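To start, the structure itself, in structure tokens.
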Amino acid sequence: MTAATRGTTGTAGEPLISVRGLTKSYGTVEVLRGVDFDVAPSEVVCVIGPSGSGKSTMLKCINLLDAPTGGEISVSGVTLTDPKVDVDAVRARIGMVFQHFNLFPHKSVRANVTLALRHVRRLGRAEADALADEQLDRLGLAHLAEQRPANLSGGQQQRVAIARALAMRPEVMLFDEATSALDPELVKGVLAVMRDLASSGMTMLVVTHEIGFAREVADRVLFMDGGVIAEQGPAREVLERPRTERLRAFLSQVL
Amino acid sequence: MGDFLHTFFDVHEMWSVLPELLGEGLRNTLLIAALAIVFGLAFGMLLAVLLLSKRRLVRLPARIYVDVFRGLPAIVTVSLVGLGLPAAHLRPFGRSPLGYAVLAVGLISAAYCAEIFRSGIQSVPPGQVQAGRSLGLSYLKTMRLVVVPQGIRNVLPALTGQFIVDVKESSLVYLLGLAVGQRELYFIAQEHQAASYNSSSLVAAGLCYLVITIPLTYLVNWLDRRMRTGRPRVAAPAPAVPAGEKTEVSA
């Protein structure tokens, strides 16, 4: 499915996500001070860095959940920062998974997955239910379809959140510290889903503290510090032979 | 002691007023209150959305409206609407005082409902909006499908309080003068009291109000519980332990 979706958008070699000169300030506080990078189709890019380095803000700027102060963001050829662009339409093609899951507590697991299918893609109830059940089944969640999120473990909730995003058939998935709020024993299951997703060819931008996951799954790693990308490159290179003192210090703290 | 019982709990007096209270009064009280509540909820929701606008020029009129109508005594608003409008030859409801009563109580209720809804909407975590928007839902759809349903649930107890106030304020229609057939609970009781110098009819009317307001509280509490736990379809919660953490993906 991802390959097919991708075939219709962008030509080979063109980045799926392109970020140029991205800045973000809250009042006088500069959170992002000029961020540039690309993500190629099917590429998995992990973003690491100390808290407060701006990585989550950067991720939320990509689908404009946080409005950038300056710079340009393009996703599959559409410039989101252009005020004439229908941002909702572009967001529907960008899946996002949050640290705190953000499932809709007043809706069943199935209804969480079908909400956007019905009200954004305008599918009928039967069709949306079928797609949702199929997606839930893939993630081993079919038996929970009738449950409310509150009855689920954190790991189950996060996998439902991933199913909710995937059901929209996104071209790219953004993960915002998807495992940071989970109990340690539940982290593995969510990371396994993400790993399978990566090997299925999904384009992924993953903000994470899981250095092991980054080393194993990422094609590239960005190290953010102080609102800029302080170091980047192939995952093994960056994580095993850090060039900057800041990254060396960071890695020695988290490993 | 006999005087006390006779003044407030004269069974004869109560019995004689009861047919009018139940036949005419209860119906008109419920009519005024129900319509005022519906008006207040709808207009209050609109005001709440305006109050939450990012634009000052949109917020300001709503803010002024809410402050004015929450600040005025209900009796003043009812008089201004029910006596003032017809005197100024603005007669949207003709000569029926009930319509003006509904409007007046509804206008007041809307101001309170607006603040209740606003606090309810603000009580929903921002992550919910982010999740909705990230899926491609528009702002309005995110509000309608995600935020408002949760927000209302959070303020149901406050809304119940407002409904009770609306039921009670419907009695202020007595200021406008009511013909037979239009009379609500208080008006009927007060007529009897004036004729007999006996307050038992007022006590009977009071009991009628309680018959409305107390079940209302429990009705909303029941609704609240039902909404919180979901419809009792498959009530058994799943085991919290993931079943073998099956994590095969072929997205």
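What the table shows:
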read-out	value
Any hit, the range A:61-79, residues being under 18 Å from A:I229 (Cβ atoms), surrounded by 18 or more Cβ atoms within 10 Å (Cβ to Cβ), within 14 Å of chain B (Cβ to nearest Cβ) and in contact with an Asp or Glu (Cβ under 8 Å, 6 or more places away or on another chain)	no
Lone unmet requirement of (1) part of a helix (DSSP H, G or I); (2) within 15 Å of the chain's Cα centre (by Cα) for A:S180	(1)
Odd one out for A:G124 among (1) open to solvent by 20 Å² or more (accessible area, probe 1.4 Å); (2) within 23 Å of A:I62 (Cβ to Cβ)	(2)
Extreme residue, least open to solvent (accessible area, probe 1.4 Å), among residues of the range B:133-188 that are outside any helix (DSSP H, G or I) and under 21 Å from B:L30 (Cβ atoms)	B:E184
Selection count where residues are facing chain B (nearest Cβ under 9 Å) and either charged (D, E, K, R) or surrounded by fewer than 22 Cβ atoms within 10 Å (Cβ to Cβ) (or both), scope the range A:154-167	2
Pairs, first farther than 22 Å from B:T77 by Cα in the range B:149-171, second of a type in the set (G, A, S), C-beta under 7 Å, six or more apart	B:G151/B:G120; B:G151/B:S123; B:I152/B:G120; B:N154/B:G120; B:N154/B:S123; B:V155/B:S119; B:V155/B:G120
Residues (within 18 Å of the chain's Cα centre (by Cα), open to solvent by less than 60 Å² (accessible area, probe 1.4 Å) and either more than 21 Å from B:H192 (Cβ to Cβ) or among the hydroxyl-bearing types (S, T, Y) (or both)) located in the range B:1-55	B:T29, B:A33, B:A34, B:A36, B:I37, B:G40, B:L41, B:F43, B:G44, B:M45, B:L47, B:A48
B:Y100 being under 18 Å from the mean Cα position of the chain (by Cα), under 28 Å from B:L30 (Cα atoms), modelled with pLDDT of 95 or more and more than 14 Å from chain A (Cβ to nearest Cβ)	no
Answer from A:A130, A:A116, A:A89 - the residue that is surrounded by fewer than 18 Cβ atoms within 10 Å (Cβ to Cβ) and either within 9 Å of chain B (Cβ to nearest Cβ) or touching a residue at least 12 places away in the same chain (Cβ under 8 Å) (or both)	A:A89
Residue within the range A:125-139 that is in a helix (DSSP H, G or I), more than 18 Å from the chain's Cα centre (by Cα) and under 25 Å from A:L65 (Cα atoms) present	yes
Extreme residue, surrounded by the most Cβ atoms within 10 Å (Cβ to Cβ), among residues of the range A:181-224 that are without any contact (Cβ under 8 Å) to a residue 24 or more places away in the chain and of a type in the set (A, V, I, L, M)	A:L191
Qualifying residues in the range A:143-153 (those that are surrounded by fewer than 18 Cβ atoms within 10 Å (Cβ to Cβ) and not acidic (D, E)) - the one nearest to the other protein chains (Cβ to nearest Cβ)	A:H143
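The values are calculated or read from the model by the stated rules, or taken from the named source; none is laboratory data. Bear in mind the structure is a predicted one, so any value in this text is a computation, not a measurement. Virtual Cβ from ideal backbone geometry, glycine too; neighbours counted across all protein chains shown. To get the accessible areas, we keep the full protein, side chains included, count just its heavy atoms, and leave off ligands, DNA and RNA. Shrake-Rupley method; radii C 1.70, N 1.55, O 1.52, S 1.80 Å.
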